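Worksheet for the structure shown next.
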Amino acid sequence: MSTKPHAELFKLLGITGPDAAECANLLATPPGRAALAAMSAMQERLGTFPLVSIKDDDAREADWIEALLRFAPTVHEYHVELGISPAVSAASLADVGLQLRINRRVHGDFGLDTWSWLTLHMAGNLFRLGRLQFHLVQSPNEIPASDVSGIIEHSSSWVLGVHIPEDGGLSPALVDDSFSEARVFFSTHFADKPAPVATCDSWMLDPYLAERLPASNIASFSRRFTLDRCTDAPTDAVYFTFRQRGLDDLDKLPRDTSLQRVVLERIDDGGTWQLGHGHLAL
Ligand SMILES: CC(C)(COP(=O)(O)OP(=O)(O)OC[C@H]1O[C@@H](n2cnc3c(N)ncnc32)[C@H](O)[C@@H]1OP(=O)(O)O)[C@@H](O)C(=O)NCCC(=O)NCCS
């Protein structure tokens, strides 16, 4: 199947190599009922600033991949109508291609086990600005009021959820630049939704990591945030470090980097990796 007719779309979504051929296959026939239903679910959310992604226990990944491919140009148009640069829109939507490549590493094949995550991008309120992604949402009110008094007291309930795409190192300078870009971007394009606080929910904010690897970029990133609480997330650190789902066959995983060793040794010692929930003032 030729990928040529879809060159522009695949460029927008950062889809490359064998994934481009597989995606062209999905687009070769008119969309079926499931893909159409998925597209209409995304259409309903576009511009509504949803906090959570679409979930669907009976979903077939192929239907969602097809729907994401077919719907992405509508999101791109929406971004451009808001005055957002085509480059920022494309950088944001290119997570589709990245997630397809990661899926190959995780499962050895074409697929998208993270399709649900990408439904956030398709609502039009998640942007990649430099090294980080920012998700403009209404605060879920989980930040203890005492911690942020004076920060959100006099303002709205909007916050920026911060996400860290896989894309090389996370140097403090890149993170600084990304936050600076975000401050300008959101006050320009979403001036009526001022977000004084950024939040982050990540395995990277588990305080165990900053204790064990204090000089790492990960620790430097996590120290920017005030930790509000932790919740058990036994598999996250393994997934993001090794791109393996679940905790089987951990003895076969490499221990080449300090992070790999810390992640596995904690589990060896009977520990449970946590999701750290933190916030910072923008
Ligand atoms: C977050 C991330 C960009 C940090 O990368 P980084 O800037 O290179 O990280 P650090 O400098 O803090 O790395 C410290 C050590 O961990 C290693 N390391 C970092 N990320 C690693 C990874 N994903 N796999 C294996 N080792 C890793 C580094 O090589 C270094 O090892 P060394 O001390 O033996 O030299 C990287 O881990 C990544 O891409 N993760 C996937 C995305 C992710 O987790 N997002 C958050 C989702 S909630």
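For Glu81, the conditions (1) within 29 Å of Gln138 (Cβ to Cβ); (2) in contact with a helix residue (DSSP H, G or I) (Cβ under 9 Å, 6 or more places away or on another chain) all hold with the exception of (2).
Considering the stretch 127-141, and only residues there that are within 16 Å of His163 (Cα to Cα) and part of a loop (DSSP other than H, G, I, E, B), the residue that is modelled with the lowest pLDDT turns out to be Ser139. Counting only helices (runs of 4 or more DSSP H) that sit wholly inside the stretch 43-126, those with at least 2 residues that are among the β-branched types (Val, Ile, Thr) are 61-81, 95-107.
For the stretch 169-204, filtering for residues that are within 16 Å of the ligand (Cβ to nearest atom) and surrounded by 13 or more Cβ atoms within 10 Å (Cβ to Cβ) leaves 15. Please find, within the stretch 1-16, the residue that is nearest to Asp192 (Cα to Cα) out of those that are loosely packed, with under 15 Cβ neighbours inside 10 Å and free of Cβ contacts under 8 Å to residues at least 40 places away in the same chain. Result: Glu8. Among the residues here, Glu166 qualifies as near the ligand (Cβ under 10 Å from one of its atoms), under 22 Å from Asn125 (Cβ atoms) and open to solvent by 60 Å² or more (accessible area, probe 1.4 Å). Each residue in the stretch 259-281 was checked for being within 14 Å of the ligand (Cβ to nearest atom) and open to solvent by 60 Å² or more (accessible area, probe 1.4 Å), and 2 of them qualify. Under the condition of being hydrophobic (A, V, I, L, M, F, W, C) and part of a helix (DSSP H, G or I), the residues counted in the stretch 197-235 number 8. Say we look at the stretch 221-238 and pick out the residues that are more than 23 Å from Leu250 (Cα to Cα) and either at pLDDT below 95 or open to solvent by 30 Å² or more (accessible area, probe 1.4 Å) (or both); which of these is nearest to the ligand (Cβ to nearest atom)? Filtering the stretch 221-238 for residues that are more than 23 Å from Leu250 (Cα to Cα) and either at pLDDT below 95 or open to solvent by 30 Å² or more (accessible area, probe 1.4 Å) (or both), the one nearest to the ligand (Cβ to nearest atom) comes out as Arg223. All told, Asp19 falls short of being out of contact with any Pro (no Cβ under 6 Å at 6 or more places or on another chain), surrounded by 14 or more Cβ atoms within 10 Å (Cβ to Cβ) and in a loop (DSSP other than H, G, I, E, B).
Within the stretch 142-196, being touching a Ser or Thr at 6+ places or on another chain (Cβ under 9 Å), among the β-branched types (Val, Ile, Thr) and either modelled with pLDDT under 95 or outside any loop (DSSP other than H, G, I, E, B) (or both) holds for Ile143, Val148, Ile152, Val159, Val162, Val175. Just so you know, in the stretch 239-257 the residues that are open to solvent by 60 Å² or more (accessible area, probe 1.4 Å) and closer than 22 Å to Asn217 by Cα include one that is farthest from the ligand (Cβ to nearest atom), and it is Arg255.
The values are calculated or read from the model by the stated rules, or taken from the named source; none is laboratory data. All of these numbers come straight from a predicted model, not from anything done at the bench. Cβ sites come from the backbone with ideal geometry, for glycine too, and all protein chains shown count toward neighbours. Keep in mind that these areas ignore ligands, DNA and RNA; they rest on the heavy atoms of the full protein, side chains included. Shrake-Rupley method; radii C 1.70, N 1.55, O 1.52, S 1.80 Å.
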